[in-house]
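Reviewing the structure listed below.
The values are calculated or read from the model by the stated rules, or taken from the named source; none is laboratory data. Everything numeric in this text was worked out from a predicted model, so none of it was measured. Cβ sites come from the backbone with ideal geometry, for glycine too, and all protein chains shown count toward neighbours.
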Number of protein chains: 2
Amino acid sequence: MSRYKAIIAYDGTLFAGFQRQSRTRTIQEELEITLTKINNNHPITVQGAGRTDKGVHAYGQVIHFDFPYLKNIEKLRFALDTQTPEDISVKSVEIVPNDWHARFTPHEKTYEFYVQITKPRNPFKRYYSSYFPYKLELKRIEKAIQYLEGTHDFTGFTASGSSVMEKIRTIYEAKVQLYEDGLLFTFRGDGFLYKQIRIMVGTLLKIGNSRLEPTQILKILEEKNRSLTGPTAHPEGLFLKEVKYI
Amino acid sequence: MSRYKAIIAYDGTLFAGFQRQSRTRTIQEELEITLTKINNNHPITVQGAGRTDKGVHAYGQVIHFDFPYLKNIEKLRFALDTQTPEDISVKSVEIVPNDWHARFTPHEKTYEFYVQITKPRNPFKRYYSSYFPYKLELKRIEKAIQYLEGTHDFTGFTASGSSVMEKIRTIYEAKVQLYEDGLLFTFRGDGFLYKQIRIMVGTLLKIGNSRLEPTQILKILEEKNRSLTGPTAHPEGLFLKEVKYI
């Protein structure tokens, strides 16, 4: 048995998310169907570094899977890349130790969130950005976003529906910059809770729009109260950029 | 009666092309449906600067239409932008003289053609680029592309099926550059024949791949023989960038 790590990219538009579910199209299922075919129809299971939601994209999701025998890694990468649908691409494959795990081996994740802020809506970005064509003060967002850096209990920034008990996470870097016709948010941390980034972005936009104060971030962290946040930003703007194992 | 000029952008992926046809979705029809609705269901006809084929995109297509009465142009732009489907956006609207014509008033058009040349295929560009992951010598393409500039009979570079008799056109600028994970071709001219840009790009790629000599361009122009060209490049890579009235 050999364990393989692969870095994949996907356009999340036509998927119900990463994780396998019955009766919907998922990235995990497409990968497993293809790997199982390559393995002469003996089932192969895929583990992802993280679950991305419906509509969320990835430039650098990481997965692992076990194969009963040794494969040429470039041939395997090519087969997996070309035999999966064209909205998934397989960028690299390597052999890793048998106890290496895409999800449980320590790592940091970087997400980007893109918001178009100009009018009219760019038709080429309708599936790849959120849209906020309202008054925004970048300085307010810059001030607020720095409060997110560090180790905090992010209970106030997560949606119900997650089974994760431990809500303490560390954000190493949180920044916002002007990019093309909008704002690009970058968040790098040791992990993120269910919908955390989309709720953080929704809150930051509301702060930029002057309907909340920058210090609202501190209040949400302290009071751990979801009802103090802004709305959850749309999933199309979110990209899993990189998973880096430490 | 007032005549209006509008600059529009569209993602051509889900359209059968610009021009109205029965039983398929076209940009012209979507615009006419919306304008007719705005005009209390009295029919409005749209004229485009050029027809783009199925799958071809536009950043700056120009149209004109007549309205029986004067409208506030920003209100009209907003209504047209927001009431058309989200793969069409309306960037600007202005009033023009009644004899101004999107197609017949003299103008130059700029098209861009984007080809991804790296592996693996970028899933985010599958509808917005052609793909050529083979050996390419940029110098060969640079040499060949300059032969296209100037006034020529482009009969050899057009597909049958066009009713246009006059095949002499002027290309003011033809260039290629490395851009992101591929090549970006730019063509600016007084007009282009049916499939001309896609055939030029297909031929240039074959030259870059050393299966034709750069001087093949001169031969095709001279002999006016379509069978000497390369294949027609895929429509997804083609963008109508700008229409500039002189």
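Report the residue count in region B:1-17 for those that are within 24 Å of B:His234 (Cβ to Cβ), away from chain A (no Cβ under 14 Å) and part of a loop (DSSP other than H, G, I, E, B).
Matching residues across region B:1-17 total 1.
Do any residues in region B:216-227 that are outside the structural domain of B:Ile145 (by TED's automatic domain parsing) and more than 12 Å from B:Leu204 (Cα to Cα) have Cβ atoms under 8 Å from those of residues that are modelled with pLDDT under 95 and aliphatic (A, V, I, L, M), where the two are at least six apart or on different chains, and which pairs are they?
Short answer, once both residue conditions are applied: none.
Residue under question is B:Lys125, and the condition is that it be closer than 30 Å to A:Tyr10 by Cβ, surrounded by fewer than 21 Cβ atoms within 10 Å (Cβ to Cβ), outside the structural domain of B:Gly50 (by TED's automatic domain parsing) and over 20 Å from the mean Cα position of the chain (by Cα); does it hold?
In short, no.
Quick one: which residue in A:Ile171, A:Ile117 is more than 30 Å from B:Phe15 (Cβ to Cβ), among the hydrophobic types (A, V, I, L, M, F, W, C) and touching a strand residue (DSSP E or B) at 6+ places or on another chain (Cβ under 8 Å)?
A:Ile171
Which residue pairs have Cβ atoms under 6 Å apart, sit 6 or more places apart or on different chains, and have a first residue in region B:1-13 that is of a type in the set (Ser, Thr, Tyr) and a second that is not in a strand (DSSP E or B)?
B:Ser2/B:Leu70; B:Tyr10/A:Pro123; B:Tyr10/B:Ile27; B:Tyr10/B:Asp87; B:Thr13/B:Tyr127
Scan region A:20-37 residue by residue and report those that are buried (at least 16 other Cβ atoms within 10 Å of the Cβ) and in contact (Cβ under 8 Å) with a residue 12 or more places away in the chain.
Selection gives A:Arg20, A:Ile27, A:Gln28, A:Glu30, A:Leu31, A:Glu32, A:Thr34, A:Leu35.
Considering only residues that are touching a strand residue (DSSP E or B) at 6+ places or on another chain (Cβ under 8 Å) and β-branched (Val, Ile, Thr), look in region B:41-82 and name the one that is farthest from the other protein chains (Cβ to nearest Cβ).
That would be B:Thr45.
At pLDDT 95 or above, in contact with a helix residue (DSSP H, G or I) (Cβ under 9 Å, 6 or more places away or on another chain), under 17 Å from B:Leu238 (Cα atoms) and within 14 Å of another protein chain (Cβ to nearest Cβ) - does that describe any residue in region B:23-37?
So far as region B:23-37 goes, yes, one or more of its residues are at pLDDT 95 or above, in contact with a helix residue (DSSP H, G or I) (Cβ under 9 Å, 6 or more places away or on another chain), under 17 Å from B:Leu238 (Cα atoms) and within 14 Å of another protein chain (Cβ to nearest Cβ).
Would you please name the residue that is farthest from the chain's Cα centre (by Cα), looking only at residues in region B:135-169 that are of a type in the set (Gly, Ala, Ser) and closer than 15 Å to B:Leu212 by Cβ?
For region B:135-169, the residue satisfying everything is B:Ala144.
For the condition more than 15 Å from the chain's Cα centre (by Cα) and either part of a loop (DSSP other than H, G, I, E, B) or closer than 27 Å to B:Thr186 by Cα (or both), what is the one hit in B:Leu76, B:Leu70?
On inspection, the qualifying residue turns out to be B:Leu70.
Of the numbered conditions (1) among the acidic types (Asp, Glu); (2) assigned to a helix (DSSP H, G or I); (3) closer than 25 Å to A:Tyr134 by Cβ, A:Glu213 satisfies every one except a single condition; which is it?
(2)
Would it be correct to say that A:Glu166 is on the phi < 0 side of the Ramachandran plot and either in contact (Cβ under 8 Å) with a residue 24 or more places away in the chain or within 11 Å of another protein chain (Cβ to nearest Cβ) (or both)?
no
For region A:167-201, enumerate the residues that are assigned to a helix (DSSP H, G or I) and surrounded by fewer than 21 Cβ atoms within 10 Å (Cβ to Cβ).
Of everything in region A:167-201, nothing turns out to be assigned to a helix (DSSP H, G or I) and surrounded by fewer than 21 Cβ atoms within 10 Å (Cβ to Cβ).
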